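Have a look at the structure below before the remarks.
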Amino acid sequence: MLSIFTRLADWIVYSVFGMSPESRLADGLHFFVEDTTKIFALLIVMIYLIAWVRAAVNIERVRDYLSGRHRVFGYVAAASFGAVTPFCSCSSIPLFLGFTQARIPIGTTMSFLITSPIINEVAIVLLGSLLGVKFTVCYVAVGIGAGVLGGAFIDLIKAEKYLTALAATAHGSTVATGHANPDPVKMSFRDRHEFARDELKTIFRRVWKWVLIGVGLGALLHGFVPEEFVVEHLGAGQWWSVPAATLLGIPLYSNASGVIPVAESLLNKGLPVGTTLAFMMSTVAASFPEFMILKQVMKPKLLLIFFLLLLTMFTAVGWIFNLINF
Amino acid sequence: MKIQILGTGCPKCNQLYQNAQQAVAELAVDAELEKVTDLNAIMAFGVMVTPALVIDGQVKTSGKIPSAEAIKEMIQ
């Protein structure tokens, strides 16, 4: 089914533009046309369908579900919820405070916040269509695993003492929860359609540029960076290449939609899976704007710990996947 | 009538504010619009996902941007 996009690209590049299949430019352009058309088509379908299902889920119910649960259950459930709920970094602070107020442990909240940006329907579409099912499953497993372990660690060091006054107040207060429940639980066909249509518009408007930039970069790499270069310098899984990739990913602030096409290109050029995963995770999960926002609830010490924690986790993931030669 | 937009100032909140403004103008009702950016105030409404729309102290929506049309219906 997806081969129609290959044929579409064949037609545009070789027939409409009349380019020779041997030229590098044609190769890069073909990659660009095929990937953008395929991704955009899949995104439109998937975002709409997922939003249709998600229309009745709201964050208040997630919070009520998570409060008062056993911790281990909490980490796994919070990371899973993080995976299915859309994430907007401007909401992360009210969400953090709301969870804290409901006496949900900080670690559980962090499980949610770590996994949420890593896994979403856009990432799944891109991974599935560009990198295949096996890689997608690994990515999802690692994303949830990182949330669970990260959350457990944050509780282990008793991070409550590193919260800012704002968050500590929320932690100590006993505001009644559940009094704001604006979304009707029962949704009609029309409500769901309207919700899904709005979600599609909002998400598409946000990610289309990233997809273009990502695929553009991927196409450049694809057409112009010789495979030998990547294989020779990074392909043997040199131990330092993983932490280097993780570090490189942090200042690169992108979301999953921008980084995945680049990862596809790198993988095709022979970059090991572990190194690629580490790079993707750190690009998506850790960013300076996000840290600036978290500064409102976390003291600098906790922010630093959080930063190092992400760095360590992603590096470990990279090493493990390279070691087992996945 | 008092309409409040809760949010820490992200583009989405501004969009919601504009929609609310438009709704009020089109209905020509006497309403006071206010942006609430203080986190403690937002928390006091029990809202966890911004932007949120509050009409006369009651949280109408959170985490989404209702259109001016939808806001008109809520006002009436």
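Restricting attention to region A:99-110 and to residues that are in contact (Cβ under 8 Å) with a residue 40 or more places away in the chain and within 17 Å of B:Val49 (Cα to Cα), the residue that is nearest to the chain's Cα centre (by Cα) turns out to be A:Met110. Listed by position, the helices (runs of 4 or more DSSP H) enclosed by region A:52-107 that each have at least 1 residues that are more than 13 Å from chain B (Cβ to nearest Cβ) and over 25 Å from A:Ser287 (Cβ atoms) are A:59-66, A:71-84. Screening A:Leu247, A:Leu252 for residues that are aliphatic (A, V, I, L, M), at pLDDT below 80 and surrounded by fewer than 24 Cβ atoms within 10 Å (Cβ to Cβ) leaves exactly one candidate, A:Leu252.
The rows are residues; the columns are (1) under 30 Å from A:Thr109 (Cβ atoms); (2) out of contact with any helix residue (DSSP H, G or I) (no Cβ under 6 Å at 6 or more places or on another chain).
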| residue | (1), (2) |
| --- | --- |
| A:Ser15 | no, yes |
| A:Arg24 | no, no |
| A:Gly28 | no, no |
| A:Val33 | no, no |
| A:Thr36 | no, no |
| A:Met46 | yes, no |
| A:Val53 | yes, yes |
| A:Ile59 | yes, yes |
| A:Asp64 | yes, yes |
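Here is a yes/no grid of residues against (1) touching a Phe, Trp or Tyr at 6+ places or on another chain (Cβ under 6 Å); (2) modelled with pLDDT of 80 or more; (3) open to solvent by 40 Å² or more (accessible area, probe 1.4 Å):
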| residue | (1), (2), (3) |
| --- | --- |
| A:Leu126 | no, yes, no |
| A:Gly172 | no, no, yes |
| A:Ala176 | no, no, yes |
| A:His179 | no, no, yes |
| A:Leu200 | yes, yes, no |
| A:Trp208 | no, yes, yes |
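Filtering region A:17-50 to residues that are open to solvent by 40 Å² or more (accessible area, probe 1.4 Å) and acidic (Asp, Glu) leaves A:Glu22, A:Asp27. A Cβ distance below 9 Å, combined with a sequence gap of six or more or placement on separate chains, defines the contacts here; from region B:26-41, residues that are touching a residue at least 40 places away in the same chain (Cβ under 8 Å) reach residues that are in a strand (DSSP E or B) and open to solvent by 40 Å² or more (accessible area, probe 1.4 Å) in the pairs B:Ala31/B:Lys2. If you go through region A:138-170 and pick out every residue that is surrounded by 15 or more Cβ atoms within 10 Å (Cβ to Cβ) and within 30 Å of A:Ile260 (Cβ to Cβ), you end up with 16. Where helices (runs of 4 or more DSSP H) sit wholly within chain B, those with at least 2 residues that are at pLDDT below 85, touching a Leu at 6+ places or on another chain (Cβ under 7 Å) and facing another protein chain (nearest Cβ under 9 Å) occupy B:39-44. Could you grab me the full set of residues in region A:268-326 that are of a type in the set (A, V, I, L, M), open to solvent by 20 Å² or more (accessible area, probe 1.4 Å) and not in a helix (DSSP H, G or I)? Result: A:Ile324, single match. Each residue in region A:20-37 was checked for being among the hydrophobic types (A, V, I, L, M, F, W, C) and free of Cβ contacts under 8 Å to residues at least 60 places away in the same chain, and 2 of them qualify.
The values are calculated or read from the model by the stated rules, or taken from the named source; none is laboratory data. Bear in mind the structure is a predicted one, so any value in this text is a computation, not a measurement. Positions of Cβ are backbone-derived with ideal geometry, glycine not excepted, and every protein chain shown enters the neighbour counts. The protein model used for the area step is the full one, side chains on, heavy atoms only, and it has no ligands, DNA or RNA in it. Shrake-Rupley method; radii C 1.70, N 1.55, O 1.52, S 1.80 Å.
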